[in-house]
1. Given A156, A145, which one is free of Cβ contacts under 8 Å to residues at least 40 places away in the same chain, assigned to a helix (DSSP H, G or I) and more than 17 Å from the chain's Cα centre (by Cα)?
2. Over 17 Å from E57 (Cα atoms) and surrounded by fewer than 19 Cβ atoms within 10 Å (Cβ to Cβ): which single residue out of A238, A204, A272 fits that description?
3. Contact list please: Cβ distance under 8 Å, first residue in the range 81-100 and under 16 Å from Q239 (Cβ atoms), second residue among the polar types (S, T, N, Q), pairs at least six apart or on different chains.
4. Filter the range 118-150 for residues that are in contact with a helix residue (DSSP H, G or I) (Cβ under 8 Å, 6 or more places away or on another chain) and more than 26 Å from L186 (Cα to Cα) and give the result.
5. Kindly provide the set of residues from the range 250-264 that are surrounded by fewer than 16 Cβ atoms within 10 Å (Cβ to Cβ) and not small (G, A, S), ordered by number.
6. Taking the criterion of being among the charged types (D, E, K, R) and assigned to a helix (DSSP H, G or I), would at least one residue in the range 258-276 satisfy it?
7. Looking at (1) in a helix (DSSP H, G or I); (2) buried (at least 22 other Cβ atoms within 10 Å of the Cβ); (3) in contact (Cβ under 8 Å) with a residue 40 or more places away in the chain, can you tell me which one V172 breaks?
8. Filter the range 92-124 down to residues that are in contact with a strand residue (DSSP E or B) (Cβ under 6 Å, 6 or more places away or on another chain) and assigned to a loop (DSSP other than H, G, I, E, B) and give me whichever is farthest from S45 (Cα to Cα).
Amino acid sequence: MPAGKMLRAGAPRAICLAVGLWMGAAAAAAPPSVGACGPDKLGVSRTLSLNTQGGFEAGLKTYPRTLALADHEIVLTFDDGPASGSTAKVLDALAAECVKATFFLIGRNAQSLPRLVRREIAEGHSVAHHTFSHPAATLRRLSEAAAKADIDRGFAADDKAAYGAPGAEPRVKFFRFPGFADTPELDAWLASRNIAIFGADVWASDWLPMSPKDELALILSRLEQTKGGILLMHDIKAQTAAMLPDLLRELKQRGFHIVHIQQGDDPPPLRAAPSGWTSETEKIISQIFSQESAQKSRGAAGKGGAEKAAIPQIPEGSGAARP
């Protein structure tokens, strides 16, 4: 008997209540329909379907080129997920504003929470890659063989979580180095496999503890300065998940536009860095490594704590010993 007739025929109040609660929960969990994505929503301005043949590198914090975005255009990216609790809240915020993003997954997290990975895909986001274990030492300090193994294991774990089984190569050939600590050898190896490497143009710096209000102010100030770009956030951070709805509304009010990136057939639109460019991440990483080496050589256990606090943080993280 159809549900409507059964209810009209005098079904018990408990059944009526259960059906009503189920329907309400399903409606609340569903992302906005196409009809709900009206002009009051931030939405997606355009989509870049990027051909990664031969590989490429993008993101001015690390590389001397980035995507050729127009003024006030932003690509939203999130690292290190999925995470229970915060990733779902990030997805809810994106859905509420009809926005698409790219998630650079840690393989072991995808392996643990495949449901969230599949939700990301079902809601139109791009699922990209960020190694299997996000090694605290960074890939640069691993042997080349160990680094390649961690990358490949991440590809396989992400795609198994997303699609049920991995292929010979990742479906979405977008990769981001943990801590942006790449090497020429790994860059060339990824390029030989037609995998694009993404850095960032703007950091949320959410690896540092701060309130959602302070994080919002920091991101907006940086975006106003750069006039857009590839924005890096972390969906594993509760402060970012709490801040995101306000950020998306502010972006709409300030005239920013969202560009979504996905695997495709179009040549990647790239622009060179301005004259005088230097890698900000390389400077930080070199400083960290040299100071750590100096500490190790001195072996001064009594002074180690104070000196370690002065070492700058690698600008990206998974909640390991160093972000």
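1. A145 is the lone residue from the list that is free of Cβ contacts under 8 Å to residues at least 40 places away in the same chain, assigned to a helix (DSSP H, G or I) and more than 17 Å from the chain's Cα centre (by Cα).
2. A238
3. If the second residue must be among the polar types (S, T, N, Q), the pairs left are G81/T87; G81/N109; A83/N109; S86/T240; V90/T240.
4. Scanning the range 118-150 gives R118, R119, E120, I121, E123, H125.
5. Of everything in the range 250-264, those that are surrounded by fewer than 16 Cβ atoms within 10 Å (Cβ to Cβ) and not small (G, A, S) turn out to be Q253, R254.
6. no
7. Failing condition for V172: (1).
8. Result: A101.
The numbers here are math on the coordinates, done by the rules we state, and not lab data. Please read these numbers as outputs of a predicted model, since none were measured by experiment. Neighbour counts are summed over all protein chains in view; Cβ atoms, including those assigned to glycine, are modelled from backbone coordinates with ideal geometry.
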